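Below is one structure; the comments refer to it alone.
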Amino acid sequence: MDVLYFAWVRERIGVPRESVETQADTVAGLVEELRGREERYAVAFSDLSALRVALDQELAEFDAPLDGVREVAFFPPMTGG
Amino acid sequence: MRVLVQEAAFDVAQQMRDFGAPDMGAIVTFTGVVRDNDARNLTAMEIEHYPGMTQSALTRIAAQAQDRWNLGDVLVIHRYGRLRPGEQIMMVATAARHRKAAFEAAEFLMDYLKSRAPFWKKEITADAAEWVAARDEDESALKRW
């Protein structure tokens, strides 16, 4: 699946998007896998309360299933307006 | 309904020229402007967005407002990219039969754009660049709707 990062999450991880092979069932499982990869992921995902997630461009929760999902995006709380 | 996500500047008067409907007696417009920081040394505001999601999120918010307040017309424009202090960032316009609905719908749109539309602001000064943090008040503002 494609994993996208925005704002400071993108800056900490160092790429705006990447293709990820995962066995995780849920967003939380995917986060655990990413955290285990490298320090920059562990730093970016250190506090989930500071992050939001969207699945196929719809806001979702961290316990949401990844079944059939093609695009996951992680970003800080939005600041539009 | 018109929802525009764009880098270019917009002209409020031009946007209003064909806005509204014959049976709508009230039009409210709100324009958001890049505000300088307290130190008055902001050089730019960089606005990042999630291209695939932005248009659909804004359209959904506008459609909710249209249904709930029976709006005859609704407009949302939000810019992205590098903006300078004083530049217009975004605008909303609502057309309703009476003013109360037009004002309320505009406030609803603004509250939802703040924390449910995928934009992120970064303040650039001569010696720093800092992401604007979401405020708790912005999240709690949604509860009144």
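Against the numbered list (1) within 8 Å of another protein chain (Cβ to nearest Cβ); (2) outside any helix (DSSP H, G or I), B:MET91 comes up short only at (1).
In region B:116-127, the residues that are more than 7 Å from chain A (Cβ to nearest Cβ) and free of Cβ contacts under 8 Å to residues at least 60 places away in the same chain form Cβ pairs under 9 Å with partners that are of a type outside the set (Phe, Trp, Tyr) and surrounded by fewer than 22 Cβ atoms within 10 Å (Cβ to Cβ), at six or more places apart or across chains, as follows: B:ASP127/B:ASN41. Considered as a group, the residues in region A:2-14 that are within 14 Å of another protein chain (Cβ to nearest Cβ) and either of a type in the set (A, V, I, L, M) or assigned to a loop (DSSP other than H, G, I, E, B) (or both) include one that is farthest from A:LEU66 (Cα to Cα), and that residue is A:ALA7. The set of residues from region B:115-131 being under 16 Å from the mean Cα position of the chain (by Cα) and in a loop (DSSP other than H, G, I, E, B) comprises B:ALA117, B:PRO118.
Considering each residue of region B:48-68 in turn, at least one proves to be of a type in the set (Asp, Glu), more than 12 Å from chain A (Cβ to nearest Cβ) and farther than 13 Å from B:GLN6 by Cα. Give the residue that is farthest from B:TYR112 (Cα to Cα), with candidates limited to residues of region B:44-58 that are outside any helix (DSSP H, G or I) and of a type outside the set (Asp, Glu). It comes out as B:ALA44. If the condition is being within 12 Å of another protein chain (Cβ to nearest Cβ), hydrophobic (A, V, I, L, M, F, W, C) and free of Cβ contacts under 8 Å to residues at least 24 places away in the same chain, then region A:37-81 contributes A:ALA54, A:LEU59.
Consider A:PRO77 carefully, then state whether it is of a type outside the set (A, V, I, L, M) and in contact with a Ser or Thr (Cβ under 7 Å, 6 or more places away or on another chain). Yes: the conditions hold for A:PRO77. Please state which one of B:ARG99, B:ARG82 is over 22 Å from B:GLN6 (Cβ atoms) and either at pLDDT 95 or above or surrounded by 23 or more Cβ atoms within 10 Å (Cβ to Cβ) (or both). Exactly one of B:ARG99, B:ARG82 is over 22 Å from B:GLN6 (Cβ atoms) and either at pLDDT 95 or above or surrounded by 23 or more Cβ atoms within 10 Å (Cβ to Cβ) (or both), namely B:ARG99.
Among the residues making up region A:15-34, those that are touching a residue at least 12 places away in the same chain (Cβ under 8 Å), assigned to a loop (DSSP other than H, G, I, E, B) and touching a strand residue (DSSP E or B) at 6+ places or on another chain (Cβ under 9 Å) are A:PRO16, A:VAL20, A:THR22, A:ASP25.
The values are calculated or read from the model by the stated rules, or taken from the named source; none is laboratory data. In this text, all values refer to a predicted model and were calculated from it rather than measured experimentally. Every residue, glycine among them, receives a Cβ derived from its backbone with ideal geometry; neighbour counts consider all protein chains shown.
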